[in-house]
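The structure under discussion appears below in the form of structure tokens.
The values are calculated or read from the model by the stated rules, or taken from the named source; none is laboratory data. Given the structure is predicted, the values throughout are model-derived calculations rather than measurements. Glycine also receives a Cβ, built like all others from the backbone with ideal geometry; neighbour counts cover every protein chain displayed. Surface areas here come from the heavy atoms of the whole protein model, side chains and all, with no ligands, DNA or RNA. Shrake-Rupley method; radii C 1.70, N 1.55, O 1.52, S 1.80 Å.
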Amino acid sequence: MKIYKRYRNFIIYSLFGFLASILNVIVFNWLHNHAQVTMLIANTLAWFVANLFSFIANKSIVFKSRYQEPKTFIKEITLFLSQRILALLLDNILMWAGINWLHWNNLIVKMIDQIIVGLVNYFSTQAIFTHENKLLLQRLSAMRKKTKQNDCNH
């Protein structure tokens, strides 16, 4: 049980990351192999769908970011997608290299790519949600102290 508590976020993130990766592969496969969309466009659209799913799962389930204020929500999704755009660049480079340079099967490359990108994403996503929660908790604590001080003074 100690191990689960210690690694809870990573375990749950991995589960939802796995689901997002499956969604990414399915969308990519359908777009590229069945709808004949070019590789980079299919990969980018699959990335977008998987990352919307990831944002919702990471915010609410993995890192339990409960703050719904519009300013905080916009900041979180902007940071999340901005960081993930860098991961998309890595994703597209790995896909291009695996398919065009190594001449591997596109689904095999996509699966390997998702493992590498998933690990990169975990650490940056953790930083976004835990940092934002930490700042908000500090602000709330300071507000509570200020309120208590005002109550004691009156």
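Looking only at the range 47-90, residues that are without any contact (Cβ under 8 Å) to a residue 24 or more places away in the chain, basic (Lys, Arg) and either open to solvent by less than 10 Å² (accessible area, probe 1.4 Å) or farther than 24 Å from TYR7 by Cα (or both) come to 1 in all.
Of all the numbered requirements in (1) surrounded by fewer than 18 Cβ atoms within 10 Å (Cβ to Cβ); (2) assigned to a helix (DSSP H, G or I); (3) not β-branched (Val, Ile, Thr), GLN36 misses one, and that requirement is (2). Scan the range 1-57 for residues that are in contact with an Asp or Glu (Cβ under 9 Å, 6 or more places away or on another chain) and farther than 22 Å from ILE108 by Cβ and the total you get is 1.
Out of the residues in the range 19-41 meeting the condition of being more than 21 Å from SER54 (Cβ to Cβ) and not polar (S, T, N, Q), tell me which one is nearest to the chain's Cα centre (by Cα). Step through it out loud before you land on a result.
Going through the range 19-41, the residues more than 21 Å from SER54 (Cβ to Cβ) turn out to be 33-39.
From what's left, not polar (S, T, N, Q): 34-35, 37, 39.
Working: HIS34: 27, ALA35: 27, VAL37: 25, MET39: 22 Å.
The qualifying residue nearest to the chain's Cα centre (by Cα) is MET39.
Could you please find all residues in the range 91-110 being aliphatic (A, V, I, L, M), loosely packed, with under 14 Cβ neighbours inside 10 Å and either within 14 Å of the chain's Cα centre (by Cα) or in a helix (DSSP H, G or I) (or both)? Within the range 91-110, ILE93, ALA97, LEU107, ILE108 meet the criteria. If only residues of the range 1-33 that are of a type in the set (Ser, Thr, Tyr) and surrounded by 18 or more Cβ atoms within 10 Å (Cβ to Cβ) are counted, the one that is modelled with the highest pLDDT is SER21.
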